[in-house]
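Here the structure is laid out as structure tokens; the discussion comes afterwards.
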Amino acid sequence: MPLPLPTAQPTSSVISTLEEMAAKSGNFSVKKSELMVRLQGNECGRKGKLAIEVEIFTVTPSFLVVEVKKNYGDTLEYNQFCSKELRPALKDIVWTSQADSSALLA
């Protein structure tokens, strides 16, 4: 199931953040195009190498949706990757509404 992440950052910033995250973890090789990034795991997991596709959709010139989905590999490993590496790496660029921010602080 795809993980949609809204952002007001430009596409180049999203791609740079993903590249930095992959470089820091050392667990992924990166293939990129203009609106898509593919992260390929370097190590074999329980069901082969984890492969993740990140697609960037332009909703308006100042608002994008970043869609993250698992292409191959173990679902548990994908969920762990999302919670331990991806979300922390993207926390500064993911847009949240005022209501979402208030709920997180409560």
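Readers should treat all values here as calculations from the given coordinates under stated rules, not as data from a laboratory. No experiment lies behind these values; they were computed from the predicted model shown. Positions of Cβ are backbone-derived with ideal geometry, glycine not excepted, and every protein chain shown enters the neighbour counts.
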Practice problem: Extending each Cα 7 Å along its Cβ direction at Met36 and Phe63, get the distance between those two points in nm, one decimal. | Solution: 2.6 nm
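Lys and Arg at +1, Asp and Glu at -1: add these up for the other residues within a Cβ distance under 13 Å of Ile56 and post the number.
Details: positive: Lys32, Arg38, Lys69; negative: Glu34, Glu53, Glu55, Glu67.
Taking every Cβ under 13 Å from that of Ile56, the sum is -1.
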Self-check item: Amide H partners (placed H, <5 Å) of Leu5, local residues excluded
Solution: Val66, Glu67, Val68
Practice problem: For Gly73, list long-range residues whose amide hydrogen, built 1.01 Å from N in the peptide plane, is under 5 Å from its own amide hydrogen. | Solution: Ala51
Quiz item: Which entry in [x] 49, 33, 17; [y] 57, 34, 21; [z] 41, 35, 25 is this structure's computed Cα extents along the principal axes in Å?
Solution: [z]
Quiz item: Among all the aspartates and glutamates, which ones have a C-alpha under 13 Å from Lys70's C-alpha, if same-chain residues fewer than 8 places away are not counted?
Solution: Glu53, Glu55
Exercise. Would you tally the net charge around Lys32, using a Cβ to Cβ cut-off of less than 9 Å, leaving Lys32 out, and scoring K and R as +1, D and E as -1?
Key: 0
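Where the only charges are on Cβ atoms (+1 Lys, Arg; -1 Asp, Glu), what is the dipole of the range 3-105 about its Cα centre, to the nearest 20 debye?
Working: 12 positive and 12 negative charges, 60 e Å.
Dipole size: approximately 280 debye.
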Quiz item: What are the ³J(HN,Hα) values, in whole Hz, obtained from phi via the Karplus relation 6.51 cos²θ - 1.76 cosθ + 1.60 with θ = phi - 60°, for each residue of the range 67-80 in sequence order, with x given for Gly and Pro?
Solution: 10, 10, 8, 7, 9, 7, x, 7, 5, 4, 5, 5, 4, 5
Quiz item: If packing is taken as the mean number of other Cβ atoms within 10 Å per residue, what is the order of 47-53, 86-92, highest first?
Solution: 47-53, 86-92
Quiz prompt | Backbone HN-Hα couplings from phi across the range 42-57 [Karplus 6.51/-1.76/1.60, Hz, Gly and Pro as x] | solution = 8, 10, 7, x, 5, 10, x, 6, 5, 10, 10, 10, 10, 10, 10, 10
Exercise. Excluding residues fewer than 8 places away in the same chain, name every one of the lysines whose C-alpha is closer than 16 Å to that of Lys91.
Key: Lys24
Quiz item: If amide H atoms are built 1.01 Å from N in the plane of the peptide, which residues on other chains or at least 5 residues away come under 5 Å of the amide H of Ile93?
Solution: none
